[in-house]
1. Consider only pairs whose beta carbons are under 6 Å apart and that are at least six residues apart or on different chains; among these, list those whose first residue lies in the range 184-205 and is at negative phi and whose second residue is open to solvent by 20 Å² or more (accessible area, probe 1.4 Å) and within 16 Å of the ligand (Cβ to nearest atom).
2. Being at pLDDT 95 or above, part of a loop (DSSP other than H, G, I, E, B), within 16 Å of the ligand (Cβ to nearest atom) and touching a strand residue (DSSP E or B) at 6+ places or on another chain (Cβ under 6 Å), is that true of even one residue in the range 182-204?
3. Identify all residues within the range 156-171 that are surrounded by fewer than 22 Cβ atoms within 10 Å (Cβ to Cβ) and not polar (S, T, N, Q); write none if there are none.
4. Report the residue count in the range 225-255 for those that are in contact with a strand residue (DSSP E or B) (Cβ under 8 Å, 6 or more places away or on another chain) and away from the ligand (no atom under 14 Å from the Cβ).
5. Checking the conditions here, which among Val308, Val314, Val355 is over 20 Å from Leu29 (Cα atoms), of a type in the set (A, V, I, L, M) and open to solvent by less than 30 Å² (accessible area, probe 1.4 Å)?
6. Condition check: closer than 30 Å to Ser49 by Cβ, over 25 Å from the mean Cα position of the chain (by Cα), open to solvent by 60 Å² or more (accessible area, probe 1.4 Å) and away from the ligand (no atom under 16 Å from the Cβ). Does Lys267 satisfy that?
7. Any idea which of Glu73, Glu85, Glu129 is outside the structural domain of Arg419 (by TED's automatic domain parsing), farther than 29 Å from Ala418 by Cβ and charged (D, E, K, R)?
8. So which of Ser135, Ser209 ends up being part of a helix (DSSP H, G or I) and open to solvent by 30 Å² or more (accessible area, probe 1.4 Å)?
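The values are calculated or read from the model by the stated rules, or taken from the named source; none is laboratory data. Owing to the predicted nature of the structure, the values given are computational and were not obtained by experimental measurement. Note that we place each Cβ from the backbone using ideal geometry, even for glycine, and neighbour counts take in every protein chain shown. In case anyone asks, the SASA skips ligands and DNA or RNA and just uses the protein heavy atoms, side chains included. Shrake-Rupley method; radii C 1.70, N 1.55, O 1.52, S 1.80 Å.
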Amino acid sequence: MDGFAYKNGVLWAERVNLETLASTLGTPLFVYSLGTLAAHFRSLQQAFSPIDPLICFSVKSCSNLSVLKFLVEQGSGLDVVSGGEIHRAMLAGASPDTIVFAGVGKSAQEIRYAIDSGIHLFNVESESELERIDSIAGESGRHVKVSIRINPDVADADTPQKTSTGGRQTKFGIPVTRAARLYSPGLYDNLRVVGIHAHIGSPIYNAASYLSALDVIESLLIDVERLGGKVESINMGGGFPAIYDAVQSERVSLQEMGAAICTRLLKFNTRGLRFVIEPGRSISANAGVLLTRVEYLKDGWDRQIIIVDAGMNVLLRPTLYSAHHCIWPVRSDGSDGHWIEVTDSSRGDKAGQSVDVVGPICETGDYLALARTLPQLTQGETLAVFSAGAYAMSMASQYNSRGRPAEVVVQGNQYRVARQRESYEDLTALELVGLDPLEHPV
Ligand code: LLP
């Protein structure tokens, strides 16, 4: 399902040798396989084909323009959550009528920008946001289509607490019990309230959680119709899982999940509804790896510490969510085959000792993996951190004044730099103005 594999003891992205790429372009380096992005997009299309949804790739998962442009060319719409993401979507060539705009805190400026850009649908998260959009649409002389993001009070037990969004204790959506009246015709002068949106978290491992949300959506639909409103579209959000380790690869089937959701949705589709989904990680996570170099090895009190050149500044997920990313040397003698089998340390045959893989940042929480069984490593060698195509570069920072890594896209035996490595000058460019004497009297 993805384009990263070991051949003759070295890791390749499609037909590009990643050891060579790392020495040509330096590390840390994100590498995305376009073939893999396309394959994942197609497999989602397939999994959800019974409902033929508009698939809006979640820009926040991987915001690189080359990636967005490529997915748009494959037929993807985009799910955006800020003015900055709308700007990216436009540069990537997305057609405005394939863009959905979510987010709990849309500013007036962002709403104006979205309306002026003609985006398809707002996913609205509060009554006061509805009023703000209504008033800005009025000023622009436009009618705007909106979906209500409901809070269905449904949570998947396996989703990390920090990214579980469907429960009543979270900030997301309008409690579903207050939603039906918002669809009453004529309630807003410049809005057409036409959609129901629910995104219950990310990732969601159990189809049953989507089905519970759909139960809630179906009763809302009935209430809306009783009050004279009409729903035209249902957006199931994202959260479809990606595979991060060997255990999950046996547990999660996107095709089965899609089939279960589609069967349920089709049961109440005598209404001619259109469907939207907003997948992020299921498309991008396993289309990317992070290449990082071993700077030092040192013996701690009770285990070896591997210090690499990428830390929480580059990949925050282990620190923030205790997320697991497979890590394995890019050159691994005798390794052949799919990365997840090669890195599965439960096989024990290639594994060496338990080590901590840590970054260069001055925080104890700066690590990529703790107590991980890896083969014997050497200073200067390159490691691959897998499943790094989603919520990796898009969450990277310049903390400790380290420039963000470069990004590369690969297709077949060719690659292109898709974002340059940030230089010292890039780090300070916006601050040089502050070195001048104070000049603004109050
Ligand atoms: N739709 C909405 C409204 C969302 O908030 C999100 C993700 C998605 C779609 C896409 O979810 P996906 O298919 O990628 O799971 N930084 C965290 C994930 C945060 C997700 C935020 N919203 C992580 O690294 O796991």
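1. Ser202/Thr163; Tyr205/Asp158
2. Yes - at least one qualifying residue is present in the range 182-204.
3. Ala157, Asp158, Pro160, Lys162, Gly167, Arg168, Lys171, listed by residue number.
4. Within the range 225-255, the subset in contact with a strand residue (DSSP E or B) (Cβ under 8 Å, 6 or more places away or on another chain) is 229-240.
Pick out the ones that are also away from the ligand (no atom under 14 Å from the Cβ) and you get 229-233.
The total comes to 5.
5. Numbers: Val308 fails: over 20 Å from Leu29 (Cα atoms); Val314 fails: over 20 Å from Leu29 (Cα atoms).
After applying the criteria, what remains is Val355.
6. Values: closer than 30 Å to Ser49 by Cβ: yes; over 25 Å from the mean Cα position of the chain (by Cα): yes; open to solvent by 60 Å² or more (accessible area, probe 1.4 Å): yes; away from the ligand (no atom under 16 Å from the Cβ): yes.
In short, yes.
7. Working: Glu73 fails: farther than 29 Å from Ala418 by Cβ; Glu85 fails: farther than 29 Å from Ala418 by Cβ.
Criteria check complete, one pass: Glu129.
8. Ser135 is the lone residue from the list that is part of a helix (DSSP H, G or I) and open to solvent by 30 Å² or more (accessible area, probe 1.4 Å).
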